[in-house]
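Everything below concerns the one structure shown next.
The values are calculated or read from the model by the stated rules, or taken from the named source; none is laboratory data. Just so you know, these numbers come straight off a predicted model, no measurement behind them. No Cβ is skipped: glycine too gets one built from the backbone with ideal geometry, and neighbour counts run over all protein chains shown. Note: accessible area is taken over every heavy atom of the protein model, side chains too, but ligands, DNA and RNA are not part of it. Shrake-Rupley method; radii C 1.70, N 1.55, O 1.52, S 1.80 Å.
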Amino acid sequence: MVGQRLVCASANPDKVREIEAILLNCGVVLESRPKEIADVEENADTLEGNARLKASAIAVATGSAALADDTGLEVDALGGAPGVRSARYAGEPSDADANIEKLLKALLAVEATTTQQRRARF
């Protein structure tokens, strides 16, 4: 018996494998996003909103049900920032080193220096 088929909206192979592992015993067959489908612009105000944009766009492009996620770093001392803007926290274009530098400066600015004060989650 073939399970429910879903197209994964992510083009990140590591993320696809992670989602496949989560769905392993759920009867879901996860298909990779076709390479010819362009990235979806993530311009929503929330992580959930970006996931919805991606899933909807991939579903329309493939004619199949789609699954998407969006991830952002939420730091307690910064009121949940950078959140939905994590990848471009330091500006465009996305630069991981610049994002880290800006994050560390922001933590110092609010005097968050201990591990407890720097609690965060993806």
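In the context of the full set of protein chains, residues of the range 1-118 present 65 Å² of accessible surface per residue (probe radius 1.4 Å, heavy atoms only). Between 0 and 90 degrees, the angle of helix 96-109 with respect to the longest Cα principal axis of the chain falls at about 40 degrees.
Taking the longest Cα principal axis of the chain as reference, the axis of helix 13-22 is set at about 70 degrees.
For a protection proxy built on the mean count of beta-carbon atoms within 10 angstrom, sort 36-49, 83-96 highest first, please.
Values: 36-49: 12.4, 83-96: 14.7.
With the highest mean Cβ count within 10 Å placed first, the list reads 83-96, 36-49.
Carbon-plus-sulfur accessible fraction, the chain (probe radius 1.4 Å, protein heavy atoms only): 53%. Note on the chain: Lys pairs 8 or more places apart or on different chains, Cα atoms under 26 Å apart, count 4.
Against the main long axis of the alpha-carbon atoms of the chain, helix 47-62 sits at an angle near 30°.
Kindly work out what percent of the DSSP beta bridges joining two residues of the chain are antiparallel, to the nearest 5. Close to 35 percent. Once backbone amide H atoms are built at 1.01 Å from N, N12 has no partners under 5 Å, excluding neighbours fewer than 5 places away on the same chain. Where [x] 1.21; [y] 1.06; [z] 0.96 are the candidate values, the label of the one calculated here for Rg/Rh (Cα atoms, Kirkwood Rh) is [y].
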